[in-house]
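Beneath this line is the structure, given in structure tokens, with notes to follow.
Only the coordinates and a few stated rules stand behind these numbers; no lab work does. This one's a predicted model, so the numbers in the text were calculated from it and none came from an experiment. Glycine gets a Cβ as well: all are built from the backbone with ideal geometry, and neighbour counts include every protein chain shown.
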Amino acid sequence: MTKTLYVDLDNTLVDFVSGIERLSASDRAEFEGRYDDAPGIFALMDPMPGAVQAYRELSQLFDTYILSTAPWDNPSAWSDKLLWVKRHLGGEPDDPAYKRLILSHHKNLNRGDFIVDDRTARGVDEFEGEHIHFGTEGWATWSEVLDHLRPLATKG
Ligand SMILES: [Mg+2]
């Protein structure tokens, strides 16, 4: 049976800092310390190194979804995240993230085998499968994550 894999966006697939750098000077000043709430910021971010290629490969090996949280007080983040996914992973039925974007504050409610996420918040610490803690020792890069996950695949 194909195993289910979830992948986070911010600081996992997405380089959050690159969005801060692209804010206007006035927005940067206004939203300092709470950049999550800056309108449009999520659409400005670059992918993390190797992230897009890694997601494409993993989508061939697992039943793969993006599982991210959008800030409650930044409504444009909810649409910006969809736009980001379409821009970097495509928006057509054959594309690997097509209708596979889940926005949730309760990641533990999603059933599955693996979650790649840089944090334990939003229910990740209660997720039933294995948490691959992106950005920590052993999981610092997408190359390391791929080395771990490839042998665990049951699809492809
Ligand atoms: Mg994150």
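As a proxy for reagent exposure, ranking Trp139, Trp84 by other Cβ atoms within 10 Å from fewest up yields Trp139, Trp84.
How big is D, in µm² s⁻¹, for the stretch 40-107 by Stokes-Einstein at 37 °C and 0.692 mPa s if Rh is the Kirkwood radius over C-alpha pairs? Could the numbers behind the result be given before it?
Details: Rh = 12.6 Å.
The diffusion coefficient I find is 261 µm²/s.
Placing unit charges on C-beta atoms (Lys and Arg positive, Asp and Glu negative, everything else neutral), compute the dipole magnitude of the chain about its Cα centre in debye, rounded to 20.
Values: 16 positive and 27 negative charges, 103 e Å.
Computed charge dipole of the chain: roughly 500 debye.
Each Lys and Arg Cβ is given +1 and each Asp and Glu Cβ -1; about its Cα centre, the stretch 66-128 then shows a dipole of about 180 debye. Check the straight Cα-Cα distances from Lys155 and name the aspartates and glutamates below 14 Å, setting aside those fewer than 8 residues away within the same chain. Answer for Lys155, where 14 Å is the Cα cut-off: Glu57, Asp63, Asp113, listed by chain and number. Neighbour counting of Cβ atoms within 10 Å sorts the residues Asp125, Asp95, fewest neighbours leading, into Asp125, Asp95. When you filter the trypsin sites (Lys or Arg not before Pro) in the stretch 59-156 for DSSP loop state and at most 10 other Cβ atoms inside 10 Å of their Cβ, you are left with Lys99, Arg111.
Extents of the stretch 1-84, taken as max minus min of Cα coordinates on every principal axis and listed largest first, are 50, 25, 19 Å. As a proxy for reagent exposure, Tyr65, Tyr6, Tyr98 were ordered by neighbouring Cβ count within 10 angstrom, fewest first; the result is Tyr98, Tyr65, Tyr6.
Determine the gain in length on full extension of the stretch Asn11-Arg34; use 0.36 nm per residue of separation and subtract their C-alpha separation, reporting nm with one decimal. Walk me through the numbers on the way to the answer.
Details: separation 23, 0.36 × 23 = 8.28 nm, distance 1.55 nm.
Roughly 6.7 nm would be gained on extension.
Nearest 0.05, what FRET efficiency do Glu128 and His88 give at R0 = 22 Å with Cβ-Cβ as r?
Details: r = 28 Å, r/R0 = 1.29.
Rounded to the nearest 0.05, the efficiency is 0.20.
Restricting the calculation to Cα atoms, the chain yields a radius of gyration followed by a Dmax of 15.3, 51 Å. Once the Cα-Cα distance is subtracted from the 0.36 nm per residue extended length, the Asp27 to Ala121 segment shows a gain of 31.2 nm.
Could you calculate the contour length gain from Leu103 to Glu137, that is, 0.36 nm times the residue separation minus the distance between their Cα atoms, to one decimal place in nm?
Working: separation 34, 0.36 × 34 = 12.24 nm, distance 2.69 nm.
Difference between extended and current length: 9.6 nm.
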